[in-house]
Structure formats: C-alpha cells, structure tokens
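The values are calculated or read from the model by the stated rules, or taken from the named source; none is laboratory data. Remember, it's a predicted structure, so these values are computed and weren't measured experimentally. Using ideal geometry, Cβ is built from the backbone for each residue, glycine included, and neighbour counts are taken over all protein chains shown. Areas reflect the complete protein model, heavy atoms only, side chains present, ligands, DNA and RNA absent. Shrake-Rupley method; radii C 1.70, N 1.55, O 1.52, S 1.80 Å.
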Amino acid sequence: MSALSQRPAGAVVGTAVPHEAAALHVTGLALYTDDLVGRTKDVLHAWPVQVMHAHARVTALRTDPALAVPGVVRVLTGADVPGVNDAGVKHDEPLFPDEVMFYGHAVCWVLGETLEAARLGAEAVEVEVEPLPALVTVREAIEAEAFQGGQPRLERGDVEQALTASAHVFSGEIEFAGQEHFYLETHCALALVDENGQVFVQSSTQHPSETQEIVAHVLGLTSSEVTVQCLRMGGGFGGKEMQPHGLAAIAALGARLTGRPVRLRLTRSQDITMTGKRHGFHARWQVGFDDEGRLTALDATLTSDGGWSLDLSEPVLARALCHIDNAYWIPAVRVNGRIARTNKTSQTAFRGFGGPQGMLVIEDILGRCAPTLGIDPHELRRRNFYAVGQETPYGQPVRQADRLLRTWDQVLDTGDFAARTAEVAAFNAGSLHVKRALAITPVKFGISFNFTAFNQGGALVHVYKDGSVLITHGGTEMGQGLHTKMLQVAATALGVPLSRVRLAPTRTDKVPNTSATAASSGADLNGGAVKNACEQILARLSQVAAEQLHVPAADVRFSGGVVRGLAPGGPTVPWEDVVRLAYFSRVQLWAAGYYRTEGLHWDSAAMRGEPFKYFAHGVAAAEVEVDGFTGAYRVRRVDIVHDVGDSLSPLVDIGQVEGGFVQGVGWLTLEDLRWEDREGPNRGRISTQSASTYKLPSFSEMPEDFRVSLLESAHEEGAVFGSKAVGEPPLMLAFSVREALRQAAAAFGPAGTAVDLASPATPEAVFWAVEAARSGEGAHLRDGGEQPPQPTGPPIRPTSERVLSES
Ligand code: MTE
Ligand code: MOS
C-alpha cells in the first residue's frame, strides 16, 4: 500500500457524514456570491446590451441615451479597457466585441444604481449593425469548412486493412445534442476595489486562479493586485470552469472605474443565451466486427460544435477521442477530431468534458449493430471488454480490467438481470402497445487532466494554539462535497475529531496558482495537498510529543484527538496539550501543502501517453417501459454499482452517483436544446431559454426503483486514502437508459430489428424509432453486404438525422 493511499485505523474518511453545508443549504442560510450584495454598501448593478443577430458587424454604438436614464451611472465599452480586451486564455474572445458572433452577444454593459435602472439604460443604448452571413448548425459549418483549433488524430494499427479483413463492416452517422448546465445559481460576480487599488472579486467560479488572471489582464494589473474568492457555487457542472472570467472582469472594470462595488448576476435567460453549453457533436463512422462480434476496427470523424470561440473546445475534443473506446478493446483505431466554428455561444466544459460524447459514439454503434449481428446487446458489450494487459488506443495500459468485470457481474447478480430479462420478454410477448426493455452498459473514465501541468494542488493548514484547525485548499465547492471530503482528510491526517476542523472559503491569496476544480480531480489533488500539509505539521508535533511521552518520534501516533506511543497501555497526551507545548517551544503550527500527480505523460500532438492516473468504473442496468402510441416512457428500475475506490465520504459519493446519473439521463432523453436554424431575423436564437421550454429531470423522472451501491474492496493505490474520483463518471451510466429505450423501440418490430435513436431520445424521438421499428423501414439490416432501403418514414428532426448502412 502506498503512503498516499494508506488509511489509518479510526480514520474519519470513509465515515458517512452529511455534506458540510447541508443544513445551511436546506435552511437557506448558505451564502452564495449574490447574497453578499445585500451586505455590501453602495453596490452598482450591471446589465448587458445584447445584440440579437447571429452574426453582425457593429457599425455604431451610441451610449449617451443610456446616461440620460435616471440611475444610470456609467456605460462600459471597449474604450474603457486599460489592459487586454479579451475574456479568455486563447485571445479569441473580445470582451467588448465589435463583431457580434452569436445571437445575444453582449457588446457593452450598463451600470446603474438599481438593476432596473441598468436594464432601462441598456435598452436605451443604440447599436447599429450590419448583418453578416451566419453558420448555425454543425452541418453548415462542416460544409463551409469552418473549423477552429487543432485537428487531432488518434491512431493505432492499420484501420483499412483491419476493415477489409472484418467479417462485418457497418457505417453510419449521428448528430447529437449539447446540454445546458442549468446550475441553480446563474453566473455571478461582485467586485470591490480597496484604498490601495487592490481588486477583490467574489465570483461563482470553478477556477478562481484563472478568473484572477483574466481580471488582471483586462485591467492591466499583475496577479498579485487581484484576489478572487469563491464562497461556494449553486452548481457549476463545468459551466463555471472558463465562462465566469469575462463576467468577473466586467464587474472588476466597473468597480475600478467608478470606485464602487459592482455586482453582475445574469438572469436565467441571459445565462442561457450568453454562456456556453455542452458541445453537441456530429460523428461519422465505420466499424468492423469478426464473426464472433468482436470489434476489429473503428474509423471515425468527430466534429464538435465549438460555437464562436475556442474556450475549452480543444481539451474537450481530446477527451472525447480518448473515450471513444469506453470499456472496449478495439485493435485498429483511427479517430479524427475537428471543432466547428458556429455562430452560437462558446461551448464549454460540462460534466464528463467530452468523455460522454466520445462514449456515445461507441455505445450507439454497439446498440445499433447488435441486432444485425444477431447478438444480445449485453453479450456484445461484455464480449468486447478490455482484458488486463491490453492498452487503450492512446497507449495507456488498462490495469483494472478485472475490476470493471467484477462491477459488471455484481450488477448482473444484484440486479437479477437474467430473470428480469426473461420477465421483460414474457411481458412483451403479451403486450402489443407497451413494451419494456432492460439494458446494461459500462463506464470506464480516465481521471486526471489530460493537460499534465494542471495535475497539481495546494492547501494551507493552520493549527491554532488552542488545538483548533482551519484548512483552506485550492478547490471550490459547487455542491459536490469537496469541502466535506477535505475536512475528513484533514481530520484523518491529523488524527483529530472532525469537529476540530473548520474550512475557509477558496481564495487566491490563500492558495495560489490553483487548477480548476474540474476533471473530477478536486479530491485527488487538494486531498493530496491537505494531507501533505497535515503531515508536515505532525512531523514537527511528533518531536514535541516524543519528549513528553519518552518514545522515539517515529513511534508517536495521533488518533481521535489523543497522542500516544506505539506500545498499548502507554501514556497518552491530549492533542491540545501537544499543540500548546509546541507553540511555547516555538514550533511552527501551520503548513502549506502541495501535491502533484506522479506518473503522467501526454503528447497532445501524437495523442499518445498515459494521461490518466487511473480509470473510474461503473455499471448500470436500466429497465424502461415505452408506450407505442406516444413514445412516452418510464424508467422502471435502475441498478448501479460504481467504483469510487475506498470512498472518502460514502454519502457524498452516493449523492454524486445519483446526481450524475440523473443529469446524464437528462442529457440523453429529456433536455432538448433548440436553436433556430431557419433563415430570418431569429436565426441563431435559442428557443429554449427557460425551464418552461427546456425540460430538466425532476422528481417525476427519477427511476421508480433506484438502487445505487459503491463497489467494495476497491482500494486505489494511486490516490489519497485509497479513494477514487467520483464527480463526472456516473453521468455516463445514463447510456443504460438510452440503450434500454432503443431496445424497447425495437421490441415493437420483428425480432432482430435494428433501431436508430436520435439523441436526446425524447418521447417524440422514441415515437419515431417505434414507428420505424414497426414498419421495418430502414431499420432492418441484412448481413451480407446488401444496401438497406433508405428510411422513408417520417423524418427524425433535422439535428438528429442519420443514415446507417452496411457496406
Ligand atoms: N456535483 C454538484 N452537486 N454540483 C456540480 O456543479 N460538478 C461536477 C461534479 N459534481 C458538480 C457536481 C463536475 S463537472 C465536476 S468536474 C466535479 O463535480 C468537480 O468536483 P470534484 O473534482 O471535487 O469532483
Ligand atoms: Mo467538470 S466538466 O470537469 O467541471
């Protein structure tokens, strides 16, 4: 067992404690950034001037009329920027643009004494534009060859030769939707400037250090002149990894120019129309199988819809490419990646960060091809699992292939898969208009940032003279329970009760140069750093206690707030006494901790290396019921076993698995992000701008019977106290629901019916899949190389059209 992963007896990690702020969350006492406004004097409010054109050049901007509106204090424009007029790290995102790049792009901001004054002022600003041609769909961008960023290629083996030698070759195309984050707390920043010109920005950000950097470069300041604090977020889900920066910079610029605090909080429809979402993708593929249904080759081109600027599109695409294999061994692989540039919001990180998009392609292929191969989908998936010793297409060994199998078998067993499959078949045989299906899918998800440098974390641990402990670390809290875990890590590492430890909000002047709390690595990185800081303190305290206990320092043990030697029954000293004595002996009682993940390397040009410390695994089995008249469906039961290593905090982890799964089900089956792509004045407009038109999962869509358990005996050598990351991987367990819907639709047709299913698989999409299955049109593939008839039934809506043919 490694020193990092070893867990002492009586550890506080692993105990089921509630989220550290649960009581505050449910009583409404928890403070979010915008709650500070009422506690701050003389705050100005910011409102954007959004231009409603998908693409246009600004030819005139008249701000004077706004200044005539009572309560308007100032209008911020590009001319006010003392530093760099850019909101991103790629220098392709003008903060005050003179070219409108998407419908709703903000060109300037109005500051008012009240929000209403700022809003009226924004309405009074006169903007003249010259409309330009716009690309709205990914297909339009592909046709126009409008791409941005690098075009990576992931390659192993000779794909042509492998396809030629394959017993079966299929090809197809799929386009699938993005997803709106819909965090409960919209983007928010509150900026203040002190008497020395020091800028203090409170921001709802997953990446305070980068928010600090962007604010500094917009204002022409150094990083040391800007402090960013994040109290907590009401959800981030990746949407606050990059997107808060420009908004924080606007607030900071306003504060600097007016000398007053400036608050910027987006309304829901501003948030939806102005900030980035999960990338939708288009994929074209060709796949080979041998006679037993084993994958032989995959040739694919993935085009993500990046929106107007790069943002995180390149790393998202890289992760998509690195997850197209999911849990499956594919000997020969060639995957090309491209990022379309469209006139939309700049698409960004979203839980899974491209992983779900890559996996959707292979899961779609397997679900689509299984009937044609004459193999049950679960058997086809199982047959293609990695074996120990095999490598991913980018060259990383799959060291825990057996663990995935153990997880899979556990779900088959506890989910009663065989018996329930028979029950479903019996039900379907006796039911003409309602069909059920049971599907099981695996997840293998790489943990670490692909970009090696981000895999570092920092922490500051203070032990006060009275023995109380205060920790600060580089990670942010967005509901995922990171702070809870860090408190447990510190209590375990110091050997004190959990109640001894408190946690202070994330601030860049406490822990500098932090990475985004993202890639699910928050607990790994910051936990490593908190543990390191605690160990430095204990090493010093051990010397002090050794003298008191008359034992060698190496034999001193800290546990449960008591300090003792190794020998049972020996003398003990309370933690507080050791701490007090250490202070009077002039021993430093605080430490800065640091952690870097070892053993990573990644060549992003060659797309080769070992970018991940380990893989997280999970398996889900979902049973659905579909109504053949309407396509409406219910999720009857879901069984999940998920691998979080040895859990740091089981209640938090189970919450993450449940939440991730449901969010994934939302993406794949409910949430239907629609952009107006017809010509006309509304082209490029998002027509789903609120909860009334954008359907989120709610209680009524929860699985009726939902059984989640954590994989047992799952110690992870490479991570803090033997745990594994949890935040993102469970989202991809939702493929089980999508595949169950596909199988249920197929059950309306003759045996062996292959089904195309649009994504999201809304009731409407399921209805068309049922229709196609019933009529047999286009959905029947015969083995032997004949072209299938083209689908002639009612069209799937254009954003999800695809053709599949066997060649
Ligand atoms: N859980 C909640 N409740 N709210 C969130 O915003 N974000 C997810 C996940 N779980 C999120 C969440 C995303 S996208 C990531 S990357 C991880 O949490 C980040 O936190 P971690 O690294 O501490 O797991
Ligand atoms: Mo999560 S998408 O890595 O913030």
Task: Check on Ala146, under 30 Å from Leu321 (Cα atoms), out of contact with any His (no Cβ under 7 Å at 6 or more places or on another chain) and at pLDDT 95 or above - done: yes
Open item on the list: So Leu498 passes all but one of these: (1) surrounded by fewer than 24 Cβ atoms within 10 Å (Cβ to Cβ); (2) away from ligand 2 (no atom under 16 Å from the Cβ); (3) within 20 Å of Val644 (Cβ to Cβ); (4) within 23 Å of the chain's Cα centre (by Cα). Which condition number does it fail?
Closed with: (4)
- [ ] Answer with yes or no whether Gly254 is among the small types (Gly, Ala, Ser), modelled with pLDDT of 95 or more and more than 16 Å from ligand 2 (Cβ to nearest atom).
- [x] yes
Open item on the list: I need the full set of residues from the range 276-291 which are surrounded by fewer than 24 Cβ atoms within 10 Å (Cβ to Cβ) and closer than 24 Å to Leu731 by Cβ, in order please.
Closed with: His282, Trp285
Task: Residue in the range 292-301 that is open to solvent by less than 10 Å² (accessible area, probe 1.4 Å), touching a residue at least 24 places away in the same chain (Cβ under 8 Å) and within 14 Å of ligand 2 (Cβ to nearest atom) present - done: no
- [ ] Pick out the one residue from Phe102, Phe96 that is closer than 25 Å to Ser223 by Cα, open to solvent by less than 50 Å² (accessible area, probe 1.4 Å) and assigned to a loop (DSSP other than H, G, I, E, B).
- [x] Phe96
Task: Single unsatisfied condition, Ile174 versus (1) assigned to a loop (DSSP other than H, G, I, E, B); (2) more than 16 Å from ligand 1 (Cβ to nearest atom) - done: (1)
- [ ] State whether the residues of the range 328-336 include one that is of a type in the set (Ser, Thr, Tyr), under 27 Å from Ser166 (Cα atoms) and either under 17 Å from the mean Cα position of the chain (by Cα) or at pLDDT 95 or above (or both).
- [x] yes
Open item on the list: Among the residues in the range 619-627, are any free of Cβ contacts under 8 Å to residues at least 24 places away in the same chain and under 37 Å from the mean Cα position of the chain (by Cα)?
Closed with: no
TODO: Sort through Pro703, Pro763, Pro697, Pro729 and tell me the only one that's open to solvent by 10 Å² or more (accessible area, probe 1.4 Å) and within 16 Å of ligand 1 (Cβ to nearest atom).
DONE: Pro697
Open item on the list: Within the range 513-536, take every residue that is more than 16 Å from ligand 2 (Cβ to nearest atom) and closer than 23 Å to Gly235 by Cα and give me the one that is least open to solvent (accessible area, probe 1.4 Å).
Closed with: Gly527
Task: Residues of the range 201-258 that turn out to be part of a loop (DSSP other than H, G, I, E, B), in contact with a Ser or Thr (Cβ under 7 Å, 6 or more places away or on another chain) and open to solvent by 20 Å² or more (accessible area, probe 1.4 Å), as a count - done: 2
TODO: Tally the residues that are touching a strand residue (DSSP E or B) at 6+ places or on another chain (Cβ under 9 Å), within 15 Å of Glu477 (Cβ to Cβ) and part of a loop (DSSP other than H, G, I, E, B), restricting the search to the range 1-46.
DONE: 2
TODO: Would you please list the contacts, defined by Cβ atoms under 6 Å and residues six or more apart or on different chains, that run from a residue in the range 188-212 that is more than 20 Å from Gly475 (Cα to Cα) to a residue that is open to solvent by less than 10 Å² (accessible area, probe 1.4 Å) and part of a strand (DSSP E or B)?
DONE: Ala191/Val201; Ala191/Val262; Val193/Val199; Val199/Val226
- [ ] Determine whether the range 344-362 contains at least one residue that is in contact (Cβ under 8 Å) with a residue 24 or more places away in the chain, more than 16 Å from ligand 2 (Cβ to nearest atom), open to solvent by less than 10 Å² (accessible area, probe 1.4 Å) and not β-branched (Val, Ile, Thr).
- [x] no
Task: Counted residues, the range 302-340 - those being assigned to a strand (DSSP E or B), open to solvent by 10 Å² or more (accessible area, probe 1.4 Å) and within 28 Å of Arg399 (Cα to Cα) - done: 2
